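The values are calculated or read from the model by the stated rules, or taken from the named source; none is laboratory data. For clarity, every value in this text was computed on a predicted model and none was experimentally measured. With ideal geometry, Cβ positions are generated from the backbone for all residues, glycine too; neighbour counts draw on all protein chains shown.
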Amino acid sequence: MRLLPFFVWTCLLVFVFVICGYIYIEMKIADLNKNNVIVIAHAGGEIDGNIYTNSLEALNNSYEKGARVFELDISETKDGHLVAVHKWDEWAEFTSYQGDLPPTIEEFKKLRILGKYTALDFNDINNWFSEHEDATLITDKINNPALITSLFIDKDRLKMELFSKESLIAGGKLFDGGMANYDAFSKILQTPSAKMLFIPKANYLKNNNIKYIVTGAPTTMKDKLRLKIIRSLDVQVYMFFFGTHEQVEEQINKNRDYLDGAYYDKIPS
């Protein structure tokens with residue numbers, strides 16, 4: 001019987017702790033939502049209605065429309081050069097290339113995307129960001145932070161979407177804040193406490209200087225709560241959607257509590 005009051009008080013304290021935590025998170029989210037949604041030009045952004053070009057013209061068009069954060073897909077040619085390509089088979093369709101994939105850098109550079117857009121190797125990427133000093137690069141597809149930080153002109157303007165425990169730890173040490181793919185991050189810690197409480201994973205973000213998460217729209221209450229917890233720790237959530245410009249805007253408004261930035265094909269005016 002003497003244990004009963006102790007048990008009751010323990011339950012009460014846990015309840016109060018949970019309620020206070022929830023109130024703090026909701027207040028933090030409300031404050032964060034006062035900021036504008038960060039616009040990220042997906043694959044350089046749309047150009048003439050075309051997406052996934054990762055082209056010079058797409059970068060210029062998105063910049064002129066106000067974008068200052070640009071995502072580019074980084075792939076490797078047959079002879080080891082890094083270039084801006086989403087998928088090689090897609091690039092082959094864009095350029096009518098008939099040879100073996102991936103191509104050499106010489107083959108890559110001599111072909112125009114959709115007959116009119118300029119393909120980018122890493123020197124071209126560096127030149128463009130040198131000329132646009134207020135622009136930030138986000139890379140996708142490549143999972144080697146040591147290589148990219150050694151090549152890119154300014155690691156203070158670099159973010160990388162990373163897909164493994166090793167690359168996230170390395171990225172957090174090499175530049176200011178690794179960017180974790182949410183699905184990959186969710187698989188990193190599989191201890192019972194991490195599965196049940198999520199707290200060890202949240203601490204993992206802070207301890208490894210991971211300041212950004214990339215994800216699609218949350219579909220479960222569990223993921224929605226986790227994204228709120230992540231944002232309350234000052235880790236920014238960047239979200240991607242599919243559909244028309246109007247559908248993307250609708251999804252952004254619907255998921256405003258769970259995101260800080262969004263990937264756009266068509267840059268909002």
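Quick one: Ile138 ticks every box in (1) surrounded by fewer than 17 Cβ atoms within 10 Å (Cβ to Cβ); (2) in a strand (DSSP E or B) bar one, so which box is it?
(1)
Suppose the filter is within 18 Å of Tyr52 (Cα to Cα) and touching a residue at least 40 places away in the same chain (Cβ under 8 Å); does Ile113 pass it?
yes
Report, by residue number, each residue of segment 142-158 that is among the basic types (Lys, Arg) and at pLDDT 95 or above.
Passing the criteria: only Arg157.
Among (1) surrounded by 15 or more Cβ atoms within 10 Å (Cβ to Cβ); (2) of a type in the set (Gly, Ala, Ser); (3) more than 17 Å from Asp73 (Cβ to Cβ), which single condition is Ala119 missing?
Single failed check for Ala119: (3).
Could you tell me whether any residue of segment 81-100 is part of a helix (DSSP H, G or I), β-branched (Val, Ile, Thr) and either farther than 16 Å from Ile40 by Cα or at pLDDT 95 or above (or both)?
yes
I'm checking my understanding of the structure. Among residues of segment 226-260 that are assigned to a helix (DSSP H, G or I) and of a type in the set (S, T, N, Q), which one is farthest from Gly45 (Cα to Cα)?
If we take residues in segment 226-260 being assigned to a helix (DSSP H, G or I) and of a type in the set (S, T, N, Q), then Ser232 is farthest from Gly45 (Cα to Cα).
Of the conditions (1) surrounded by fewer than 20 Cβ atoms within 10 Å (Cβ to Cβ); (2) part of a helix (DSSP H, G or I); (3) of a type in the set (Ser, Thr, Tyr); (4) in contact (Cβ under 8 Å) with a residue 12 or more places away in the chain, Ser62 fails just one. Which one is it?
Going through (1) surrounded by fewer than 20 Cβ atoms within 10 Å (Cβ to Cβ); (2) part of a helix (DSSP H, G or I); (3) of a type in the set (Ser, Thr, Tyr); (4) in contact (Cβ under 8 Å) with a residue 12 or more places away in the chain one by one, Ser62 breaks only (1).
Report, ordered by the first and then the second residue, all pairs with beta carbons closer than 8 Å, sequence separation of six or more or different chains, a first member in segment 24-37 that is more than 16 Å from Leu233 (Cβ to Cβ), and a second member that is of a type in the set (Gly, Ala, Ser).
Here the result reads Val37/Gly261; Val37/Ala262, each pair linking segment 24-37 to a residue that is of a type in the set (Gly, Ala, Ser).
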